1. Using only Cα atoms, tell me the angle between helix 94-129 and the longest principal axis of the chain; keep it within 0 to 90° and round to the nearest 10.
2. So what is the 222 nm mean residue ellipticity for the chain from helices alone, if each DSSP H run of at least 4 adds -39500 (n - 2.57) and you divide by all residues, rounding to the nearest 500 deg cm²/dmol?
3. Relative contact order of the chain: what whole-number percent is it, with Cα pairs under 8 angstrom and at least 6 residues apart?
4. Sorted from fewest to most neighbouring beta carbons within 10 Å, what does the list 115, 86 look like?
5. Using a Gaussian network model on the chain with a 10 Å cutoff between Cα atoms, which of 57, 82, 65 fluctuates the most?
6. Run the simple label-point estimate for residue 90 and residue 120 please: 7 Å along Cα→C-beta, distance reported in nm.
7. Taking R0 as 35 Å, what FRET efficiency do you get between residue 53 and residue 98 from their Cβ-Cβ distance, rounded to the nearest 0.05?
8. Just one of (i) 13.7; (ii) 11.4; (iii) 8.1 is mean projected area of the Cα convex hull in nm² calculated from these coordinates, so which is it?
């Protein structure tokens, strides 16, 4: 997760987010699957990737269609972060507060997922003992 200052248009965030995504993944990005807000994106010209949008018909293979449908699984996570992890309203000050709020919400979300995994493992161990 990354907090961007102000209220930037979706399509204008690729220039700042793409280098961080490549550093996190450790390889170059060949395609980006996005919603229609990224139409008219401002990706840097030295990046050689294609942006596929939802509802696009040309140049979309069956694999890309499958990946676009998988992308829709991210939207409930965003709603969950807003509702359960206090991302709907930020109570911290200024840009640093926005960034800290974003990171803390992501940490809380990941800890909740990790707790569920550990509980499932412990539940399975108890079931095998009995």
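Every read-out reported here was derived from the displayed coordinates using simple, explicitly stated rules and does not represent laboratory data. Since the structure is predicted, the reported quantities are computational estimates derived from the model, not experimental observations. In this analysis, Cβ positions are derived from the backbone assuming ideal geometry, glycine residues included, and neighbour counts consider all displayed protein chains.
1. Result, in degrees: 40.
2. On the way: 4 runs with 69 residues, N = 130.
Computed ellipticity for the chain at 222 nm equals -18000 deg cm²/dmol.
3. Details: 91 pairs, mean separation 30.8, N = 130.
For the chain, the relative contact order is 24 percent.
4. On the way: 115 10, 86 14.
If I rank by nearby Cβ atoms, fewest first, I get 115, 86.
5. Evaluated over the chain, the most mobile residue of the options is 57.
6. Computed distance between label sites residue 90 and residue 120 equals 3.3 nm.
7. Efficiency, from the Cβ-Cβ distance: 0.80.
8. Recomputing mean projected area of the Cα convex hull in nm² here gives the entry labelled (ii).
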